[in-house]
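Engineer: Supplied in structure tokens, the structure appears directly below.
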Amino acid sequence: MAELFEPLELRKLTIPNRVWMSPMCTYAADPAPSLAGRPTDFHLSHYASRAAGGAGLVMLEATGVRADGRISPFDLGLWSDDQIESFTRLATAITAAGAVPAIQLAHAGRKASIDRPWLGGAPLNEDQLGWTTVGPSLDSFPGHPAPRELTVEEIGELVQSFADSARRALLAGFQVVEIHAAHGYLLHSFLSPASNRRQDQYGGSLENRARIVLEVIDAVRAIWPEDLPLFLRISTTDWISEDDSNDRQGWTVTDSIQLSRWAGERGVDLIDGSSGGLEPAPIPHTRDYQTALAAQVRSESALPVAAVGRIDDPQWAQELVSSGQADAIFLGRALLRDASWPNNAAVALGASPRFIVQYDYAL
Ligand SMILES: Cc1cc2nc3c(=O)[nH]c(=O)nc-3n(C[C@H](O)[C@H](O)[C@H](O)COP(=O)(O)O)c2cc1C
């Protein structure tokens, strides 16, 4: 039996299998003010084809909860009601192809305002459509200008922005919201002592550094329907230090386990266990560099966890799920290479592929 292709039930939502599309920025939005943040025809074909390829859940790329929360001017954003309709097309197409439409809500914080990676990804100034970034404190992300430190009042507004965007995502037809608290984005930069030097209630102890994330969870849960799941993407480690005796260094797996427990108590249904992103740091070369940490969070937090990172072999993906290391897997680059990876993996594992009706009758 291929557990990878068994449905997963979270709250009242049934996700048809456990092979999911990981959020990946495509830098394909038009930055013109009247079109900014809105999905284009590129996004429609990109996401609909992964849904048709058999992914059980298709997670849209990091979508800015505010204009300054996009990593680049070419990102998706849901900071205004006018943007809802353009997202409805995507949710409808993903659903029609048999997958669950999901959206990652994000604020890129200190890492925002950059150019597209294939053009070098350099920070952009205001003449180049860029903006001044914001962060927990004045420390900059390596190679970027220093951010402006958010005031307590602005933190409150930012928390509300996540809830407002989640409300818009629901109206557009999405069935899962994921809060992006990984990869050096704003929420992760609050969590980690390596980037958070605040002296107020949002800095210092683990409880204080986690406060903004828990407030975002509460605010989103307050508007997100009881019967639909909420995901949280975390960096299980910064790869800076795992020394828990010195909590001024980095974000550790132990911190991730505690955060996951708190998140579960507040209504998060699944942890998406990624890693890194706070500063360039050496990452182990092993295949399970990240999935092993996700498995640790799963066994010690007792929350469902999805694993991600370097998964490109159907047998191994199946093993991660069947051995209880993960409840599901997210695929990133493997799905860029092959939009039909999930259907091909189903065939290889002796499970049933999920072809869309337009193909199914002919095959
Ligand atoms: C082109 C690209 C864009 C990405 N954008 C995002 C993003 O928007 N949000 C996010 O949380 N992770 C992002 N990631 C990370 C992926 O979701 C995934 O976690 C990572 O690529 C590891 O999985 P893989 O080895 O299967 O590619 C991105 C990765 C790639 C390659």
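Engineer: Taking the Cα centre of the range 1-131 as the origin, how large is its charge dipole in debye, to the nearest 20, when only Lys and Arg (+1) and Asp and Glu (-1) carry charge on their Cβ atoms?
Structural biologist: Once rounded to the nearest 20, the dipole reads 320 debye.
Engineer: Also, quick follow-up: Choose one answer from Gln290, Gln258, Gln325: the residue with the largest mean-square fluctuation in a GNM of the chain with alpha-carbon springs under 10 Å.
Structural biologist: Fluctuation is largest for Gln258.
Engineer: Which residue fluctuates the most in the chain, going by a Gaussian network model with Cα springs under 10 Å, if the choices are Thr14, Thr40, Thr63?
Structural biologist: Top of the fluctuation ranking is Thr14.
Engineer: Just subtract the alpha-carbon distance of Ala122 and Ile223 from 0.36 nm times their residue separation and send over the number in nm, one decimal.
Structural biologist: Difference between extended and current length: 32.7 nm.
Engineer: Report the gain in length on full extension from Gln249 to Tyr361: 0.36 nm times residue separation, minus Cα-Cα distance, nm rounded to one decimal.
Structural biologist: 34.6 nm
Engineer: Determine the principal axes of the Cα atoms in the range 261-338, then give the extent along each, sorted from largest to smallest and rounded to whole angstroms.
Structural biologist: 37, 33, 21
Engineer: Could you tell me the extents of the range 195-304's C-alpha atoms along the three principal axes, largest first, rounded to whole Å?
Structural biologist: 40, 37, 22
Engineer: Another question, if that's okay. Taking θ = phi - 60°, what integer Hz values does the Karplus form 6.51 cos²θ - 1.76 cosθ + 1.60 yield along the range 166-183, in sequence order, with x for Gly and Pro?
Structural biologist: Karplus values, whole Hz, x for Gly and Pro: 4, 4, 5, 4, 5, 4, 6, x, 6, 10, 9, 10, 10, 8, 8, 10, 10, 6.
Engineer: Something else about it: Have a look at Ile217, Gly156, Val134 and report the one farthest towards the positive end of the charge dipole of the range 129-234, computed about the Cα centre with Cβ charges (Lys/Arg +1, Asp/Glu -1).
Structural biologist: Checked the options; the winner is Val134.
Engineer: Let me ask you something else. Quick one: what does P(r) look like for the chain with 20 Å bins over all Cα pairs, in whole %?
Structural biologist: Cα pair-distance distribution for the chain, in percent: 32, 61, 8, 0.
Engineer: What percent does the relative contact order of the chain come to when contacts are Cα pairs within less than 8 Å and at least six residues apart?
Structural biologist: Relative contact order comes out at 17 percent.
Engineer: I need the P(r) histogram for the range 1-96: all alpha carbon pairs, bin width 5 Å from 0 out to the longest distance, whole percents.
Structural biologist: 3, 13, 21, 22, 16, 12, 8, 3, 1, 0, 0
Just so you know, all these numbers are worked out from the coordinates, no wet-lab data involved. These figures come from a predicted structure and were not determined experimentally. So basically every Cβ, Gly included, is an ideal-geometry build from the backbone, and we count neighbours across all protein chains shown.
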